[in-house]
């Protein structure tokens, strides 16, 4: 059963991607499922704390899932994150 999202729920998702670095993170995780914070920071040549803050925002927006692997945190796209990436790819090629 698919429920239509409220405008408040949609706002949360869109605010989650309202930053170029967050978009970079989403596309990176799409290609490297399970990548850690260290891996994201290294590949994007960005500060670890900056990446940590952005991934927290993406998790809070419901776009990323995270799982702990010892001291590291692995990230993957949530089902909503996957749908949003598909939309962005379609939108950017039209």
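Miscellaneous remarks
- In the range 31-75, the qualifying residues are those that are in contact (Cβ under 8 Å) with a residue 40 or more places away in the chain and assigned to a helix (DSSP H, G or I), and the one that is surrounded by the fewest Cβ atoms within 10 Å (Cβ to Cβ) is 60.
- Enumeration of residues in the range 56-94 that are closer than 16 Å to residue 19 by Cα and touching a strand residue (DSSP E or B) at 6+ places or on another chain (Cβ under 8 Å): 58, 59, 63, 64, 81, 85
- Residues of the range 1-14 include none that is in contact with a strand residue (DSSP E or B) (Cβ under 7 Å, 6 or more places away or on another chain) and either at pLDDT 95 or above or not in a strand (DSSP E or B) (or both).
The values are calculated or read from the model by the stated rules, or taken from the named source; none is laboratory data. Note that the coordinates shown come from a computational prediction; the quantities given were computed from them, not determined experimentally. A quick note on method: Cβ atoms are made from the backbone with ideal geometry, for glycine too, and the neighbour counts reach across all protein chains shown.
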